Amino acid sequence: MIKPKVVEPLNQVSTKMEDIDNQLPWIIWGSQFTITLEGRAVVNAQIQLYSNLNELMRLVCNETQDDDYCYFYRDMIRAIRACKTAAEERAVVRKECASIRAAVSDNDNDYRHRNLAKLMFIHMLGYPTHFGQMECLKSIAAPGFPEKRIGYLGLMLLLDERQEVLMLVTNSLKQDLNHTNQYIVGLALCALGNISSAEMARDLAPEVERLLQFRDPNVRKKAALCSIRIIKKVPDLAENFVNPVASLLKEKHHGVLLTAIQLCADLCTASEEALEYFRKKCTEGLVKVLKDAVNSPYAPEYDISGIADPFLQIRLLRILRTLGHGDADASDLMNDVLAQVATKTESNKNAGNAILYECVETIMSIEDSGGLRVLAINILGRFLSNRDNNIRYVALNILMKAISVDGQAVQRHRATILECVKDSDASIRKRALELVYLLVNETNVKPLTKELIDYLEVSDQDFKGDLTAKVCSIVEKLSPEKLWYIDQMLKVLCEAGNHVKDEVWHGLIVVITNATNLHGYTVRSLYRAIQTSGDQEAVVRVAVWCIGEYGDLLVNNIGMLDLEEPITVTENDAVDVIEVAIKCHASDLTTRAMCLTALLKLSSRFPSCSQRIKDIVNQSKGSLLLELQQRSIEFDSIIEKHQNLRSALVERMPVLDEATYSGRRTGSLPAVVSTSHGNSLQIPNGVPKTADAPLLDLLDLSADEPALQNSSGPNFLQDLLGGDILSSASQSGSTQPQKNGTDVLLDLLSTGSPPAQNGSSTADILSISQDNNIKSSVIALNSLSSPMVTSAQSTPASSIMDLLDGFGPTSTIPKDNGPAYPPLVAFDSSSLSLIFNFSKQAGSPQLTQIEATFTNKSSDIYTDFIFQAAVPKFLQLHLEPASSNTLPGGGNGSITQKLQVTNNQHGKGRKRVESSSSSSHE
C-alpha cells in the first residue's frame, strides 16, 4: 500500500485578492482548482475540464495499486466522453447511479471512496446526487485521513448550508477541529468555512477562535478565513475575535497576515466598537508593516514583477483607508507612508499600477491635507496617458469623485481629459464626457464648449447623442450671454440636429423670443444654416418658425449687428425655404405643420406672395395626414375670406417666459406672488388675471394669456381659436348686468355659486356651494345674489343654483314657467355682440332653453353666417336653424337662434362656441 498523498495548501491565498474571504485554493498536479463557498468547482481555463477532474478524483480518493478501481473509474469517464447525444449520457449516468445506490444499500465500506468520487464527477455534470449525502458523513466519521479527505470534499460539493442533514456533521467537525493531526484540522476548517450555517457557527466558534493561536501558520490562516464566515453568519460573535485578530496583525507570515487583515476589515464593518479599537491599537502597527513591505529587499517567494508582495500592500492600503476615514489622528499616522508608496512604486508594471490605484483611493478617503491629494491626482493624470484602457477608465472614475474634493487640481489635467473624450473606446469616451461636464464652470465654459463642438463634427454617430445632450446642457446652464447661447446652439443643431431632443430646440425658441434685439441676427443666421444643413430636422424647425415670425426682418435686413455680413434675401427666397422644407420627403408631420403655420404668417407679412403661398397651402388639402389636411383647409379659408382679420390673427408671438418654461421642464413651476389685494390671480407664466380667471380655466374658456386688445382689427377670432370669450366682462367698463349674466352662466353649467361682488375668489364661493349645511348655503347665496334675483323674495336662493340640476339643494319648483333669468352678454366687441337669453319649463329642471341673439356693429355685411356650439358628453345639445344666414351691418338687424340643453347627470358642464362668416361691403 502506497502512503496517501497529502494535498498541501498554498502558502499564498488566491491570486484574486477580492475573493480571499470565500475561496480556498489547492494545487493539484500543476493545475489550480478553487472550491468556492457555493459548492461549485472553478477550473483553470488552460487545461481540459474532464482531464483535470480525472486527476483530481484519482488523487483525493487515495490513489492505490487497486487496478480494478482505476479501471472502473476511468471506464465511467471514458463512457461519458464517448456519448454523442445527451440521451446516451443520461443512460450512462443512470446506470452508474444505480450501481452506486446498490453499493450504498449494501453498506460497502471498501468502495465508498470510489462511489463518492463518481458521485462528485456526476454532480459536476449537473445530475442529482442527493442519495450520496449520507455516504459523505460516514466517510467524515471514519478515523483515517484519506477517508476524511474524500468525505469533506464530497461534503463541500454535494451539500450546502440549507441542507438539514448538515446538522449531523457538527459533532464530527468539532472532533476534527480538536484533532492532533494538523491536516485533519485543516480539512475541518475548510469545510466549515465553505458550508457553515448560523447554528454551526455558534456551536463551533470557540474552537475556531482557539485555532487562531495554533502553532502551524497554515492552520491559523484557515482559521482566520473560517472566522470571516462565522462573523458574516453571526455578527454578534464579532467581539469575540477582536483581541485574537489584533495579535494576528503582528504576524510575519504573509499568508496569515493577509487573512488577518481581511478579518480585521470585516470586523470593522460589523462593529463600530471594533473599528475604534483597531484605530487606537493597530493603526501604527499596520503603517509599520506597510513601510517594511515597501522597503523590503528582494524575496523570491513574494516577488511579483519586481514588487514585493503587491497583494499584501493592497490589503494594507484598504484597511488603512477604513481606519483613516473620518479620523484625523489615524490619518496623520499614515500620511508619510502613503507619500512613500505614491513616490516609490513603479508605474510601468501592472502590479505597481494596482498599488498606486489603491494608494490614491486611500488618500482620497482619509482626512488629509491638500498636498497629498494633489500628488494623488497627478498620479491619476499619469494613468490617463497610459495605453491600457482599464487603467484610464479607473482613473476617470476616481477623478469624478476627486472633483468635489479638489476641483482645481483636477482642472490641471483638463487637456488630457478632453483627449479621452476622443478615445476609440466607447466606455472611456462616455466616462470622460461625464467628467468634462463636471469640470465646466463660468471661467472655462467657452473653451471647453468649443472643443466639444469641434469634436462633434468628427465623432461617431453612436456617440453624438450623448455628446449633444451634454453640450446643450452646458450651454443652457452656463451661457454668459444670449448671443453666445444662440451661436453655440445653432452650431450644435447644424452638426447633430437629428440627435437632439425636442426640449433643446423648444428652449432655443424661448430664448430667441426673449432676445428682442437679436431677432434679425437670429433669423439671418438660421437662413444661412438651413441652406447648408437642411437635412437636420431641428435646424429646419427652428428656421421655419423664425422665418414665419421674423420674415420681414430677414428681407429688410433689420437689426444688423457689427459682426454680421450683409445678406440679400427677397420675399420669394424666404417662401422658397419653407416650400422646400414642406415638400422634403424626410420632413415629418411636426415640421410640415410648422411650415403651414409659417406660410400663413408670411401671407400677411408678404402681401405680394399671398397667392403663391395660397397655392402652396392648397397642395396639402389632399394630404393623407388629417392634421395637415385640416390646417390647409382652415388656413386657405383665412387667406381667402378673412384678409381684414388675418393681420390681427397672425401677429408676432409675445415674449415667452423663460422661468415658466424651465419650471415646466424640471417639473416644478416657480411660485408667483400676487401684488394685488385679492382682485386678480396669477397664472404660471406670471400674467395677471381677474378673479374670474380660475373659473374660465376650469371651463377651458380662456387661453394661458389674456387676449391683447389691438386696434388694427377685431379680436373676436381669437375667441374662436380658444380665447377668452368673457374678456369683455373682465374689463373695467363692464356693467352690472354683464356680471349678472356671468352669474347665470355659472348656474347654467352647474359650477357653483357666482363670484362675489366684493372681490372674493371663485374658489371660496365654490366651497360655500358644496357645504352640507343648507342654512349656511342659503345665507351665502342671499348675500351674493344680484339685484335682479333678490327681487324675488319668495323664491329660494338655491333655485338659481339648480338650473341644470347642479350643486344646489333641492327646492320646490313653482307651477309657473319658473324664475326669469337675466340675459348674458356672451361676447361683445366693436364689430359683433352675442347675447344669451335663458328660460326653463315648469316640471323639467334638466331642460334649459337658450336664445342667442347676434348683432353686427360694423358697417360690413356678414354672409354665410354659421353658429357652432359644443358641450361635454353628459349634456345633450340641440341647435335649431338660425333665423337667417346674413347679418346686416350697422346694428340694423340681428340673427336669432335657439338652443336646447339637457343635463342627464349631475356634474360640471362647459360649452365652447364658435361662429364664422364672410363679410362683404354693401
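If you take all other residues with their beta carbon under 15 Å from the beta carbon of D425, and give Lys and Arg +1 and Asp and Glu -1, the sum is -1. Placing unit charges on the Cβ atoms of the charged side chains and taking the dipole of region 177-270 about its Cα centre, the candidate lying farthest along the positive direction among N178, V219, A270 is V219.
Considering only DSSP states other than H, G, I, E and B, which GluC sites (Glu not before Pro) in region 516-622 qualify as loop sites with at most 16 other Cβ atoms within 10 Å?
Details: sites: E537, E549, E564, E571, E579; in loops: E564.
Counting only loop positions with at most 16 other Cβ atoms within 10 Å, the GluC sites (Glu not before Pro) in region 516-622 are E564.
Cross-link partners of K118 among lysines, defined as those whose alpha carbon lies under 20 angstrom from its own and excluding same-chain residues fewer than eight positions apart: K5, K95, K138, K148. As a fraction of the 1.4 Å probe accessible area of region 276-384, surface on carbon and sulfur atoms comes out at 49 percent.
Normalised per residue, the accessible area of region 467-665 is 43 Å², obtained with a 1.4 Å probe and no contribution from ligands, DNA or RNA. Using 0.36 nm per residue and subtracting the Cα-Cα separation, the extra length available between N904 and Q213 on full extension is 239.8 nm. Computed over neighbours whose Cβ is under 10 Å from that of L248, the net charge equals +2, Lys and Arg +1, Asp and Glu -1.
If the limit is 30 Å between Cα atoms, which of K174/K221; K840/K873; K601/K898; K401/K477 go over it?
On the way: K174/K221 18 Å; K840/K873 21 Å; K601/K898 37 Å; K401/K477 21 Å.
Flagged as over cut-off: K601/K898.
Using 1/(1 + (r/R0)^6) with R0 = 25 angstrom and r between the beta carbons of T896 and S859, what's the FRET efficiency to the nearest 0.05? My answer for the efficiency is 0.70. Of interest is the spacing of the C-alpha centroids, which for region 440-465 and region 68-127 amounts to 65 Å. Annotation note: GluC sites (Glu not before Pro) in region 248-355 located in DSSP loop regions with a Cβ neighbour count of at most 13 within 10 Å are E301, E346.
Neighbours of S227, meaning other residues whose beta-carbon lies under 9 angstrom from its beta-carbon, give a summed charge of -1 when Lys and Arg score +1 and Asp and Glu score -1. Per-atom-type breakdown for region 177-270 gives carbon and sulfur 47% of the accessible area (1.4 Å probe, protein chains only).
Using a Förster distance of 35 Å, how high is the FRET efficiency between N109 and T85, based on the Cβ-Cβ distance and rounded to 0.05? Mind showing how you got there, number by number?
Numbers: r = 36 Å, r/R0 = 1.04.
Step by step, r from the Cβ atoms, then E = 0.45.
In region 293-364, which trypsin sites (Lys or Arg not before Pro) are in a loop and have at most 15 other Cβ atoms within 10 Å, using DSSP for the loop call?
Values: sites: R315, R318, R321, K344, K349; in loops: K349.
Filter output for region 293-364: K349.
Karplus-derived 3J(HN,Hα) values for region 617-626, using 6.51 cos²θ - 1.76 cosθ + 1.60 with θ = phi - 60°, are 5, 5, 5, 8, 5, x, 5, 6, 8, 4 Hz; glycine and proline are entered as x.
In whole percent, and with a 1.4 Å probe on the protein chains, what portion of the accessible area of region 467-665 is carbon and sulfur? Intermediate values should be presented prior to the final figure.
Values: 4340 of 8610 Å².
Solvent-exposed carbon and sulfur of region 467-665 make up 50 percent of the total.
Full extension of the chain between N295 and E481 gives 61.2 nm of extra length, using 0.36 nm per residue less the Cα-Cα distance.
Surface listing: M167, M560 arranged by accessible area from highest to lowest gives M167, M560, probe 1.4 Å.
Exceedance of the 23 Å cut-off in Cα-Cα distance is limited, within the set K450/K501; K450/K482; K422/K450; K344/K430, to K344/K430. In terms of its C-alpha gyration tensor, region 276-384 has an oblate overall shape, because the principal axis ratio a/c (a ≥ b ≥ c, square roots of the eigenvalues) is not below 1.5 and a/b does not outweigh b/c.
The slack between D425 and Q340, meaning 0.36 nm per residue of separation minus the straight C-alpha distance, is 27.3 nm.
At an R0 of 45 angstrom, the distance between the Cβ atoms of V374 and D303 translates into a FRET efficiency of 0.90.
The values are calculated or read from the model by the stated rules, or taken from the named source; none is laboratory data. Keep in mind it's a predicted model, so treat the numbers as computed, not measured. Counting neighbours? That spans all protein chains shown, and the Cβs are built from the backbone with ideal geometry, glycine included. We work out accessible area using only protein heavy atoms, side chains counted, and drop any ligands, DNA or RNA first. Shrake-Rupley method; radii C 1.70, N 1.55, O 1.52, S 1.80 Å.
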